[in-house]
Amino acid sequence: MEQPNSKRYLIDPHLDFISAEGVPIHEDFGLDLLTLELAKWPRIGGDGAYALVKGRGDFLDMYVQELPPGGEGEPQRHLFEEVVYILSGNGSTSVDTPSGKRSFEWGPKSLFALPLNARYQHFNGSGSRPARLVSVTNLPLVLEAFHNLDFVFDNPHVFEDRFGDERHFQGEGDFIPVRPGRHQWETNFVPDLSEFELQEWKERGAGGRNIMFVLADGTMHAHVSEMPVGTYKKGHRHGADFHIFQVTGEGYSLLWYEGEPEFRRVDWRHGVVYAPPDMMFHQHFNVSPEPARYLAVAFGGLRYPFSEDKRRTFMGMDVSVKDGGRQIEYEDQDSRIHALYVDELGKRGIAPRMDEVFDPARA
Ligand SMILES: [Fe+2]
């Protein structure tokens, strides 16, 4: 006989919630967000689907929303953080702030965050083309902690400290210089990630450049990194949940756990997303005739690292594993890594430009 409380264990409030939303839940190591199958999503408007990658970690999820031509999303308000990246289309988002409504116009490769618990609404600005948005959120964290939908979706508290300067809704921001790899740009909205000016970060590899974002004073992290033509970064590892989106160029990543004989490979281009799973080494390679730039969105940022793992990551991501850090220097890497890269570039008629930083003969 079934006892009244027989199901009251191993409860997953987040999985229960997204399963009841009535849209597909796609789950894989990596996903192509541009071709993902979607379904009508009455709660948020338009069509959508959840897109869960294996390396998402415990605290983040991801979903795609597509607004039809001339369409709009439902007004929303929620007690979880959300970072939005525009995959295709043009439109605008309005946000209610304590000093009035703010509105900004986005296009392909825009990045923004919704201030915590602020009411907002998305609008497709085109009458002929759909607009496709992808959001990474920390809903799993919040729902697992409170498991109460009214508290999360119908909460009157106004977080006055999360709206930031009015300029932060207009595509402007504040540069916060720290040191290479830790320079930050504080804002709510970046109009076009493909054009954003990056800062030098030699320690992560050949000619690499980067910027860390602080969005709507949130705890979620975002950064953009770029590899010049004919170069690849150094391998490294860290905890789960860095969702990687390609912004410009094409390339691939190799991933492996320490001691594994073979690499796992992910080929990327605009629309592809994946997340390196917990402490899995990974390394990014540009094989295109233009600089390859990617966006990473994660749980716990440079300002509010949230976990001990993130503190170690942000301090040790460009320090050799031999010195207690999390990076593999070029001369210490598996010899197949450089050979494969030279081979891949050869197929495309592109010359490697690694000579200045790496001599395979000395490895
Ligand atoms: Fe990484």
Across the range 284-327, the tally of residues that are within 15 Å of the ligand (Cβ to nearest atom), under 20 Å from W185 (Cβ atoms), among the aromatic types (F, W, Y) and not in a helix (DSSP H, G or I) stands at 2
For the range 68-83, the count of residues that are polar (S, T, N, Q) and over 18 Å from S94 (Cβ atoms) equals 0
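A quick yes/no check of all residues on (1) under 21 Å from the mean Cα position of the chain (by Cα); (2) at pLDDT 95 or above; (3) farther than 15 Å from P115 by Cβ:
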position	(1), (2), (3)
L149	no, yes, yes
D154	no, yes, yes
V158	no, yes, no
G171	yes, yes, yes
Reported set for the range 115-130 where residues are farther than 17 Å from M62 by Cβ and open to solvent by less than 10 Å² (accessible area, probe 1.4 Å) is P115, N117, A118, Y120
Q. Within the range 271-283, can one find any residue that is open to solvent by 10 Å² or more (accessible area, probe 1.4 Å) and either more than 14 Å from the ligand (Cβ to nearest atom) or closer than 15 Å to A222 by Cβ (or both)?
A. yes
Residues in the range 244-270 that are modelled with pLDDT of 95 or more, within 22 Å of K109 (Cβ to Cβ), away from the ligand (no atom under 11 Å from the Cβ) and not aromatic (F, W, Y) total 9
Pairing a residue in the range 191-206 that is polar (S, T, N, Q) with any residue that is open to solvent by less than 60 Å² (accessible area, probe 1.4 Å), where Cβ atoms lie under 8 Å and the two sit 6 or more apart in sequence or on different chains, gives S194/K109; S194/V247; S194/T248; S194/R293; Q199/P180; Q199/H183; Q199/N210; Q199/I211
Note on the range 149-167: residues surrounded by 14 or more Cβ atoms within 10 Å (Cβ to Cβ), free of Cβ contacts under 8 Å to residues at least 60 places away in the same chain and at negative phi are F159, R162
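For every residue, the table says whether it meets (1) closer than 22 Å to S128 by Cβ; (2) surrounded by fewer than 17 Cβ atoms within 10 Å (Cβ to Cβ).
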| position | (1), (2) |
| --- | --- |
| I25 | no, yes |
| L33 | yes, no |
| L36 | yes, no |
| L60 | no, no |
| G70 | yes, yes |
| H78 | no, no |
| E81 | no, no |
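The values are calculated or read from the model by the stated rules, or taken from the named source; none is laboratory data. Quick caveat: nothing in here was measured; it's all calculated off a predicted structure. Ideal geometry is used to build each Cβ from the backbone, glycine not excepted, and the neighbour counts take in all protein chains shown. Accessible surface is based on the protein model in full, side chains and every heavy atom, while ligands, DNA and RNA are left aside. Shrake-Rupley method; radii C 1.70, N 1.55, O 1.52, S 1.80 Å.
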